[in-house]
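Undergrad: Please find one structure pasted underneath; my questions will follow.
The values are calculated or read from the model by the stated rules, or taken from the named source; none is laboratory data. Note that the structure is predicted; figures quoted are calculated from it, not measured. Reconstructed Cβ throughout: ideal geometry from the backbone, glycine too, with neighbour counts over all protein chains shown.
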């Protein structure tokens, strides 16, 4: 068991990438970002929340976003990723996991994300019921390199730490 005798800690990492699509609105971290295009995807294409969801599921040993919300299931077509994160939160709570912190990196050449990073932090913290200070959001460009740098895609990477009270006698 990692941690002290009273807590178990687990880290998880999640990534996601979607191509930019002209006919969609841009959702990042549960926040609408004004931009002339959005992200293609079976759901709303929110790469930031998808990365967070994958990191949470991975840390808890509960699979991945594709297993829980398969793109082959029409139920999830155009789904709001905030609802998906809330479902994951409930499953974590059932297993007694608590989110300690989240570190999220959004990789995008455009748009500039500095004006919305606080809103993204607030949205994620609110959805998970954790302190605003427990969520960190960074925005990075790819310096013109690859699909992201050429403005063809946006990606995200998230790292999370979960905590669970250990049972007595372990």
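Undergrad: What number goes with the only condition from (1) surrounded by fewer than 20 Cβ atoms within 10 Å (Cβ to Cβ); (2) on the phi < 0 side of the Ramachandran plot; (3) touching a strand residue (DSSP E or B) at 6+ places or on another chain (Cβ under 8 Å) that residue 104 does not pass?
TA: With respect to (1) surrounded by fewer than 20 Cβ atoms within 10 Å (Cβ to Cβ); (2) on the phi < 0 side of the Ramachandran plot; (3) touching a strand residue (DSSP E or B) at 6+ places or on another chain (Cβ under 8 Å), residue 104 is out only on (1).
Undergrad: Filter region 112-132 for residues that are in contact with a strand residue (DSSP E or B) (Cβ under 7 Å, 6 or more places away or on another chain) and assigned to a helix (DSSP H, G or I) and give the result.
TA: 114, 116, 117, 119, 120, 121, 123, 124, 125, 128
Undergrad: Being touching a residue at least 40 places away in the same chain (Cβ under 8 Å), surrounded by fewer than 14 Cβ atoms within 10 Å (Cβ to Cβ) and more than 15 Å from residue 39 (Cβ to Cβ) narrows it down to one residue among 138, 164, 95; which is it? Reasoning before the result, please.
TA: On the way: 138 fails: touching a residue at least 40 places away in the same chain (Cβ under 8 Å); 164 fails: surrounded by fewer than 14 Cβ atoms within 10 Å (Cβ to Cβ).
Sole residue among the options that is touching a residue at least 40 places away in the same chain (Cβ under 8 Å), surrounded by fewer than 14 Cβ atoms within 10 Å (Cβ to Cβ) and more than 15 Å from residue 39 (Cβ to Cβ): 95.
Undergrad: Residue 27 versus (1) farther than 22 Å from residue 152 by Cβ; (2) buried (at least 20 other Cβ atoms within 10 Å of the Cβ); (3) modelled with pLDDT of 95 or more: which is the lone unmet condition?
TA: For residue 27, the failing item is (1).
Undergrad: Do you know which of the residues in region 30-70 that are touching a helix residue (DSSP H, G or I) at 6+ places or on another chain (Cβ under 8 Å) and in a strand (DSSP E or B) is farthest from residue 87 (Cα to Cα)?
TA: By that ranking, first place goes to 39.
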